[in-house]
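Accompanying notes for the structure given below.
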Amino acid sequence: MKARPALVARVNDGTGAFPRIPVMIRRRAIAFPIERKDGKLFHPPDVIGFYARYNLDGKAHIDALGKHAGPAYARFLQIESDVARMRQGLDPIHKPEPDPKDQRSLSVWIQVFKASLKTLGKRKSTIAAYTRTLDDFSSQFPHKTVDEITREDLLAHIDHLRDTVKRRSHGDPQRTFRNRLSYVCIFFNSLGLKCPLPLREMKKGMKSKPTKYSIDAINLMLKHAKLNEKDLILFFLHTGFRDEEVAYAKWTDIDFVKGSINVYAKPEYDWKPKDSEFRQQDIVLQEKFLKRMQARRERWHDFSPLIFPTNRGTPCMHLIKTVQRVCKRAGIVDKRITLHAFRRTFGTLVAKEYGLEQARIWLGHADLQTTQAYIAADEFSTEQSREKVKNMFSGVGD
């Protein structure tokens with residue numbers, strides 16, 4: 001006897017796979033919650049849609065039934081009846097209905113994708129970047145399904161971005177548009193679909209030259225900085241931490257006995273470091289800098305466990321404003337002021353002193369190629385360069 005059609009539900013289990021699992025029928029209705037073999041329960045918000053799965057004429061079939069339990073079960077009963085008739089050589093009674101449009105709704109699948117990012121433990125900044133991009137994309141095509149999005153739609157979206165996206169004054173807008181398109185491509189790939197406009201077709205943004213602060217520039221900052229401002233500048237310089245790593249840094253991250261520091265997750269703030277990893281080796285701190293941190297701890301420890309908190313004791317996400325104020329007082333206006341420039345300065349100093357591999361470890365990079373592209377070369381004036389070139393070729397005859 002051939003197996004009867006099976007009623008299954010596609011669910012969001014947080015893995016990004018969206019598996020289909022059998023559903024139970026009780027009192028002629030779909031029973032909730034839907035339970036998987038491993039005991040995990042799924043309630044309506046996590047149920048993407050229902051499907052009828054069956055074999056007919058040696059071929060496997062799966063028909064979409066919609067995401068609403070009542071209509072889905074009614075349609076399943078029709079399919080069950082028709083399959084039984086067709087196996088007997090009879091014509092089906094009910095006309096097959098098209099795949100419900102809401103099953104492939106762009107906005108629905110974007111919501112599912114965003115939920116999976118959180119379940120998979122992606123960082124807040126990553127989730128925010130995808131949310132910003134995909135919500136903007138969805139708002140432009142509110143009534144389309146994922147299958148209806150075309151190459152022309154994506155080109156129109158890029159034109160929309162050119163008109164609406166706020167551009168950084170020192171950045172290349174093309175990089176912003178390409179980054180946004182990459183998020184959309186990743187979304188389509190997660191559904192097993194090919195992005196209508198492959199990323200390779202879009203021109204790459206112009207890579208900016210890695211920038212760092214010279215020691216003279218840092219000393220000029222320190223000359224015009226107040227006590228707490230000096231602490232922040234020197235912390236960035238001596239640790240090479242990323243912006244968020246400094247914002248969430250706690251006193252417990254510093255080992256004052258060993259004279260070192262590392263990056264750790266802060267579950268109390270729902271924060272994880274990049275790639276959820278700490279440095280594979282503690283960063284060794286200069287003794288003079290350690291004494292400065294000890295003095296700061298005596299001033300701030302009772303106020304907050306964070307090293308650089310806001311006035312409310314919470315993580316400060318605007319540390320750049322402190323550095324900008326200092327640079328303004330110091331008259332440093334001829335270059336872009338970023339916190340990442342301190343990180344490149346740190347990496348460059350470490351690479352000179354200990355080599356590129358040590359710089360990679362303390363910067364927390366996965367490979368040397370990233371570190372090589374990251375390190376900023378020393379800049380020389382034209383006259384300095386001319387003198388060095390003269391020495392380079394001094395042994396060459398006429």
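Modelled with pLDDT of 85 or more and assigned to a strand (DSSP E or B): is that true of residue 84 in this structure? Working first, answer last.
Numbers: modelled with pLDDT of 85 or more: yes; assigned to a strand (DSSP E or B): no.
When the stated conditions are applied, residue 84 does not pass them.
Take the residues in the stretch 223-258 that are within 24 Å of the chain's Cα centre (by Cα) and of a type in the set (A, V, I, L, M); name whichever of them is farthest from residue 287 (Cα to Cα).
247
Go over the candidates 274, 266, 250 one by one and state the one that is surrounded by 13 or more Cβ atoms within 10 Å (Cβ to Cβ) and under 20 Å from residue 359 (Cβ atoms). Can you show your working first?
Details: 266 fails: under 20 Å from residue 359 (Cβ atoms); 250 fails: under 20 Å from residue 359 (Cβ atoms).
Among 274, 266, 250, only 274 is surrounded by 13 or more Cβ atoms within 10 Å (Cβ to Cβ) and under 20 Å from residue 359 (Cβ atoms).
Tell me, please, whether a residue that is touching a strand residue (DSSP E or B) at 6+ places or on another chain (Cβ under 7 Å) and more than 18 Å from residue 221 (Cβ to Cβ) can be found in the stretch 267-278.
Applying the first criterion (touching a strand residue (DSSP E or B) at 6+ places or on another chain (Cβ under 7 Å)) to the stretch 267-278 yields 269.
Among the residues that remain, those that are also more than 18 Å from residue 221 (Cβ to Cβ) are: 269.
Yes.
Can you find a residue that is in contact with a strand residue (DSSP E or B) (Cβ under 8 Å, 6 or more places away or on another chain), assigned to a loop (DSSP other than H, G, I, E, B) and at pLDDT 90 or above anywhere in the stretch 289-300?
No, that holds for no residue.
Rundown of residues vs (1) surrounded by 16 or more Cβ atoms within 10 Å (Cβ to Cβ); (2) on the phi > 0 side of the Ramachandran plot; (3) not assigned by TED's automatic domain parsing to the domain that holds residue 303, yes/no style:
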residue	(1), (2), (3)
318	no, no, no
321	no, no, no
332	yes, no, no
337	yes, no, no
341	yes, no, no
349	yes, no, no
355	no, yes, no
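Scan the stretch 205-223 for residues that are at pLDDT 70 or above and farther than 19 Å from residue 346 by Cα and report the count. So that I can check it myself, show each step before the final result.
As a first pass, look at the stretch 205-223 and keep what is at pLDDT 70 or above: 211-223.
Those still in the list that are farther than 19 Å from residue 346 by Cα too: 223.
So the count comes out to 1.
Okay, residues lined up against (1) more than 29 Å from residue 187 (Cα to Cα); (2) under 32 Å from the mean Cα position of the chain (by Cα):
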| residue | (1), (2) |
| --- | --- |
| 3 | yes, no |
| 8 | no, no |
| 11 | no, yes |
| 17 | no, yes |
| 23 | no, no |
| 26 | yes, no |
| 31 | yes, no |
| 40 | no, yes |
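Residues being within 17 Å of residue 218 (Cβ to Cβ) and either among the aromatic types (Phe, Trp, Tyr) or in contact (Cβ under 8 Å) with a residue 60 or more places away in the chain (or both): count how many of those fall in the stretch 343-374.
Summing the residues that are within 17 Å of residue 218 (Cβ to Cβ) and either among the aromatic types (Phe, Trp, Tyr) or in contact (Cβ under 8 Å) with a residue 60 or more places away in the chain (or both) in the stretch 343-374 gives 7.
For the stretch 218-244, give me each residue that is in a loop (DSSP other than H, G, I, E, B) and surrounded by 21 or more Cβ atoms within 10 Å (Cβ to Cβ).
Narrowing the stretch 218-244 to residues in a loop (DSSP other than H, G, I, E, B): 225-226, 240-242.
Answer for the stretch 218-244, where residues must be in a loop (DSSP other than H, G, I, E, B) and surrounded by 21 or more Cβ atoms within 10 Å (Cβ to Cβ): 225, 240, 241.
Could you check the stretch 1-20 and list, in sequence order, the residues that are farther than 30 Å from residue 88 by Cβ and hydrophobic (A, V, I, L, M, F, W, C)?
Once the filter is applied, which keeps residues that are farther than 30 Å from residue 88 by Cβ and hydrophobic (A, V, I, L, M, F, W, C), the stretch 1-20 yields 11, 17, 18.
Looking at (1) surrounded by 13 or more Cβ atoms within 10 Å (Cβ to Cβ); (2) within 20 Å of residue 364 (Cβ to Cβ), which one does residue 281 not meet, given that it meets all the others?
So residue 281 meets the others, but not (1).
Select, from 267, 196, the only residue that is within 25 Å of the chain's Cα centre (by Cα) and assigned by TED's automatic domain parsing to the domain that holds residue 331.
Step by step, each of 267, 196 is checked, and only 267 is within 25 Å of the chain's Cα centre (by Cα) and assigned by TED's automatic domain parsing to the domain that holds residue 331.
Going by the structure shown, is residue 89 over 30 Å from residue 31 (Cβ atoms), assigned to a loop (DSSP other than H, G, I, E, B) and modelled with pLDDT of 85 or more? Step through it out loud before you land on a result.
Details: over 30 Å from residue 31 (Cβ atoms): yes; assigned to a loop (DSSP other than H, G, I, E, B): yes; modelled with pLDDT of 85 or more: yes.
Taking the combined requirement at face value, the residue satisfies it.
Applying the selection to the stretch 1-47, what residues are aliphatic (A, V, I, L, M), part of a loop (DSSP other than H, G, I, E, B) and free of Cβ contacts under 8 Å to residues at least 40 places away in the same chain?
Going through the stretch 1-47, the residues aliphatic (A, V, I, L, M) turn out to be 1, 3, 6-9, 11, 17, 21, 23-25, 29-31, 34, 41, 47.
So of that shortlist, the ones also part of a loop (DSSP other than H, G, I, E, B) come out as 1, 3, 17, 23-24, 29, 31.
Of everything in the stretch 1-47, those that are aliphatic (A, V, I, L, M), part of a loop (DSSP other than H, G, I, E, B) and free of Cβ contacts under 8 Å to residues at least 40 places away in the same chain turn out to be 1, 17, 23, 24, 31.
Which one is modelled with the lowest pLDDT, of the residues in the stretch 275-288 that are under 30 Å from the mean Cα position of the chain (by Cα) and among the polar types (S, T, N, Q)?
Step by step, filter the stretch 275-288, then rank; the result is 276.
The values are calculated or read from the model by the stated rules, or taken from the named source; none is laboratory data. Note that this is a predicted model, so its numbers are computed, not measured. Note: ideal-geometry Cβ built from the backbone for every residue, glycine included; neighbour counts use all protein chains shown.
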